[in-house]
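The values are calculated or read from the model by the stated rules, or taken from the named source; none is laboratory data. This one's a predicted model, so the numbers in the text were calculated from it and none came from an experiment. These area figures cover heavy atoms from the full protein model, side chains too; ligands, DNA and RNA do not enter into them. Shrake-Rupley method; radii C 1.70, N 1.55, O 1.52, S 1.80 Å.
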Amino acid sequence: MALAIHNLSKTYPNGVRALKDLSLNIGNEMFGLLGPNGAGKSSLMRTIATLQDPDSGTIQLDEINVLKDKSAVRRVLGYLPQEFGVYPKMSALEMLHHLAIMKGIASKAERNQMVDALLNQTNLWAARKKSLSTYSGGMKQRFGIAQALLANPKLIIVDEPTAGLDPAERNRFLNLLSSIGSNVTVILSTHIVEDVRELCPRMAIIANGEVLLEGSPASALEALRGKIYSKVVATDDELRALESSFNVISTHLVGGLHEVRIHADSSPGQEFRPVDSGLEDVYFLNLTHHAARSAAIN
Ligand code: ADP
């Protein structure tokens, strides 16, 4: 399904402007919504999932007016919220049956088939009779996807699903997401650049409730090709000196040294070497530009 979001704004009662006239178009694909904590990702996800209303703006999901016809959205929606905190002393098997009934799947045979297939798909079959409260973080997230996939949703929203997972669990989870298949719109909200790089043919970067960039990771990378340079420095003083004279995108500690990446249209000299652009460069560059613009305005 295609999702058209137009001019969405939301200010919470405490005065925080979480969404500022935000517009986005999302097609039948895995769409990465990348942004730092506090960017407004969950606010946007909850609004699309019909759990909260914006102050203004429209959302259209194919023929469905999302803000008006909430029950129609809920019939095609699978949602894994950021805080998926209810882990009762029920087993995964019981809980999925319970949720399937709530989703209106009345036939026991149909439910059995659906629940068993999901438990297999999410690799939880062996643990299906264990209490959910005993599940590890990775198992809980896989259960979260299983419940989101009940009743063949056409729009799937997963909000920060890999935060807190260890590398093996994260890998398993991303593989699971990528197996969901085509003909489904999946929105993956995350602050982890690698999640988007590995899975998403299209993405948007958002910060402070605004879209900073929308497009494919490949074209964003192409735009930076030949413009990223790197150098390793040993001391904090050297690092500060570089920060004052170059457009520093990021610094990483590598073996106790600072690896500095800068953005420059041509070779900056000073022993900088050209390096391949990465999606993290795209992300940090957009965030620093945005921060500089905001500072200039305020
Ligand atoms: P993200 O998911 O990208 O971390 P959120 O949508 O959770 O961003 O938050 C965006 C901003 O709105 C943050 O400044 C956050 O503190 C604020 N916010 C989120 N939910 C509420 C709420 N219910 N009431 C007040 N402020 C909120």
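Ordering M102, M114, M203 by how much accessible area each has at a 1.4 Å probe, largest first, what is the list?
Reading off the accessible areas and sorting them downward yields M102, M114, M203.
Distance between the C-alpha centers of the stretch 142-218 and the stretch 66-124? Whole Å please.
One Cα centre to the other: 18 Å.
Top mean-square fluctuation among E214, E271, E198, Gaussian network model of the chain, C-alpha springs under 10 Å?
Comparing E214, E271, E198 in the GNM, the peak value goes to E271.
When the chain is treated as a GNM, springs tying every alpha-carbon pair under 10 Å, which of P54, P161, P268 comes out with the largest mean-square fluctuation?
P268
Among all the lysines, which ones have a C-alpha under 22 Å from K103's C-alpha, if same-chain residues fewer than 8 places away are not counted?
K68, K70, K89, K129, K140, K154
Carbon-plus-sulfur fraction of the accessible area of the chain, 1.4 Å probe, in percent?
About 51 percent, which is the carbon plus sulfur part of the accessible surface.
Quick one: grab Rg to one decimal and Dmax as a whole number for the stretch 222-297, Cα atoms only, in Å.
Both quantities, over Cα of the stretch 222-297: 12.4, 39 Å.
Each residue of the stretch 233-241 in turn: what ³J(HN,Hα) in whole Hz from Karplus with 6.51, -1.76, 1.60 and θ = phi - 60°, glycine and Pro shown as x?
Karplus values, whole Hz, x for Gly and Pro: 10, 8, 10, 5, 5, 4, 4, 5, 5.
Of all the Cα-Cα pairs you can form in the stretch 3-218, what percent are over 22 Å apart?
Result: 50 percent of Cα pairs exceed 22 Å.
How long are the three semi-axes of the equivalent ellipsoid of the stretch 1-120, in whole Å, if each is the root of 5 times an eigenvalue of the C-alpha gyration tensor, listed from largest down?
31, 18, 13
Can you tell me which of K41, K140, K130 moves the most in a GNM of the chain? Springs connect C-alpha atoms under 10 Å apart.
Among K41, K140, K130, the largest GNM mean-square fluctuation belongs to K130.
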